[in-house]
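Here's the structure, in structure tokens; my notes come after.
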Amino acid sequence: MSTTLPLLDPGRDAPGAGHPTTRPGILDVPPDVLRAWLAGRGQPPMRANQVRRQILANRATSFDAMSDLPKPLRADLAAAFAVFSTRVERHLHAPSDDTHKLVLRLADDRLIECVLIRDDGRATACVSTQVGCGMGCVFCASGLEGVVRNLTAGEIVEQLVRLRNLVGADPGRLTHIVVMGMGEPLANLDNLLDALAVAGDRTGLDIGQRHVTISTVGLPAKIRRLAEAGKQYHLAVSLHAPTDALRTRIVPTNTGTGVPAILDAADEFYARTGRQVTYEYVVLGGLNDDPTHATELARLLAGRKAHVNLIPWNEVDGLPYRRPADADLRHLIDTLRRAGVSVKVRKRKGAEIDAACGQLRRRAEAGLTTEDTEGTEGRQKAEENRV
Ligand code: SF4
């Protein structure tokens, strides 16, 4: 793992050293409130759409750059609002696969992460939905200190806009969103749906619903609510085990839900949306990868419209998990395929910049630089395994 990548382009829109703005981010100002604010200055309601279009479509990063607005109005906007409520704390780039990772400092000084992944002509944004996470999956750095708060819709959209602004001429825009960063997305469903509605706006980021994947640890009631929303988003459920006894050891919140209820809700999601559900399965050597588990998983998913992503664990000092043996991984794949379940082994992107969530933020919070952490590769790898 490289630990000497350059730090790029700290946010230039921040008003003070190290701290984000205290002015409200304009993307979190409700349209009717913004229209009323504009009316108070004798401006027509359509100015509100102009401002949003400048940020979402034209890549404006300051009010001054919004050349279709009157100059005095630009100054008034800049005095009252910030284009971005966040500040880029760190920006890392992996030249080998063109992955970008941003650590953003929020207005309340908390840190979150988001990642831009390039693959096969795609530009995919991986975004966070919470500060921290309350799910406590045993292999994940994001959940170590629990959940601090939900992100606002504007804070989620800002991640998309900042990542989109890093996309060059090819393909020139974000093509996909995966909601797999820090936090449990369905625990912040209302704000997430609001943010994704903005992302889908044809006059802005213009990301189609079928190009959005929402990953969840499996909250049955929220999966049903998502299904009822009538959207074409793709659902990925982090299953990691075929039985409740084993899953509760890996995903502690399973005690309150249970595998059957999660699968029922996922089946309902498929029935209502027609969208195949993906099941994520971190393969932990010696824990969830023996032939019994393979058979149980195949039995569980056979006959369901399901796809399985297997994510082999990478070994880490200090954690009691090991990489699965090739033969066990092969057996898992073959058993699932024999049962008619579609399966893939997922490749990781951006490993040299710790593209999995939680790790860079934790290092930034501890005041460590990438160079400071040289020699702590074991823990970094632990955090890479998060899905
Ligand atoms: S893997 Fe996801 S759901 Fe589990 S603790 Fe980490 S961020 Fe939360």
**Fill in**
Inside segment 67-95, the number of residues satisfying the requirement of being closer than 16 Å to Val161 by Cα and aliphatic (A, V, I, L, M) is 3
**Message:** I want to confirm something. Restricting to segment 213-224 and keeping residues that are crowded, with 21+ Cβ neighbours inside 10 Å and of a type in the set (A, V, I, L, M), which single residue is farthest from the ligand (Cβ to nearest atom)?
**Reply:** Ile223
**Message:** Let me spell it out: the conditions are (1) exposed (fewer than 13 other Cβ atoms within 10 Å of the Cβ); (2) not in a loop (DSSP other than H, G, I, E, B), and Arg59 meets all of them except one. Which number is the exception?
**Reply:** (2)
**Request:** Please indicate, with yes or no, whether at least one residue in segment 317-325 is surrounded by fewer than 18 Cβ atoms within 10 Å (Cβ to Cβ), touching a strand residue (DSSP E or B) at 6+ places or on another chain (Cβ under 8 Å) and closer than 27 Å to Gln209 by Cβ.
**Result:** no
**Prompt:** Name the pairs whose Cβ atoms lie under 9 Å apart, with the first residue in segment 48-75 and over 14 Å from Gly204 (Cα atoms), the second among the aromatic types (Phe, Trp, Tyr), and 6 or more positions between them or separate chains?
**Reply:** Thr61/Phe84; Phe63/Phe81; Leu69/Phe63; Leu73/Phe63; Arg74/Phe63; Ala75/Phe63
**Item:** The listed residue being small (Gly, Ala, Ser), over 19 Å from Thr257 (Cα atoms) and over 14 Å from the mean Cα position of the chain (by Cα), out of Gly181, Gly218, Gly168
**Value:** Gly168
**Prompt:** Within the bounds of segment 158-180, is there any residue that is under 22 Å from Ala107 (Cβ atoms) and within 16 Å of the ligand (Cβ to nearest atom)?
**Reply:** yes
**Prompt:** Is it the case that segment 87-102 has a residue that's free of Cβ contacts under 8 Å to residues at least 60 places away in the same chain, on the phi < 0 side of the Ramachandran plot and touching a Lys or Arg at 6+ places or on another chain (Cβ under 9 Å)?
**Reply:** no
**Request:** Answer yes or no: is there a residue in segment 286-293 that is polar (S, T, N, Q), within 16 Å of the ligand (Cβ to nearest atom) and touching a strand residue (DSSP E or B) at 6+ places or on another chain (Cβ under 7 Å).
**Result:** no
**Fill in**
Residue hits (segment 110-139; within 13 Å of the ligand (Cβ to nearest atom), among the small types (Gly, Ala, Ser) and part of a strand (DSSP E or B)) are Gly132
**Subset tally (residues that are crowded, with 23+ Cβ neighbours inside 10 Å and outside any strand (DSSP E or B)) for segment 86-109** = 1
**Message:** I'd like to know if segment 349-362 contains one or more residues that are under 25 Å from Val178 (Cα atoms), modelled with pLDDT of 50 or more and β-branched (Val, Ile, Thr).
**Reply:** yes
**Item:** Residue check for Asp201: in contact (Cβ under 8 Å) with a residue 60 or more places away in the chain and acidic (Asp, Glu)
**Value:** yes
**Message:** What pairs come out if I take residues in segment 130-145 that are in the same structural domain as Leu186 (by TED's automatic domain parsing) and at positive phi and pair them with residues that are more than 7 Å from the ligand (Cβ to nearest atom) and aliphatic (A, V, I, L, M) whose C-beta lies under 6 Å away, six or more apart or interchain?
**Reply:** Gly132/Val147; Gly132/Val148
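Yes or no, residue by residue, for (1) within 16 Å of the ligand (Cβ to nearest atom); (2) of a type in the set (Ser, Thr, Tyr); (3) more than 28 Å from Gly146 (Cα to Cα):
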residue: Leu226; (1), (2), (3): yes, no, no
residue: Leu239; (1), (2), (3): yes, no, no
residue: Thr243; (1), (2), (3): no, yes, no
residue: Ile250; (1), (2), (3): yes, no, no
residue: Tyr270; (1), (2), (3): no, yes, yes
**Fill in**
Conditions (1) outside any loop (DSSP other than H, G, I, E, B); (2) more than 16 Å from the ligand (Cβ to nearest atom); (3) surrounded by fewer than 19 Cβ atoms within 10 Å (Cβ to Cβ) -> Thr255 fails only (2)
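The values are calculated or read from the model by the stated rules, or taken from the named source; none is laboratory data. The shown structure was predicted, so the numbers you read here are calculated from the model rather than taken from an experiment. Backbone-built Cβ (ideal geometry, glycine too); neighbour counts: all protein chains shown.
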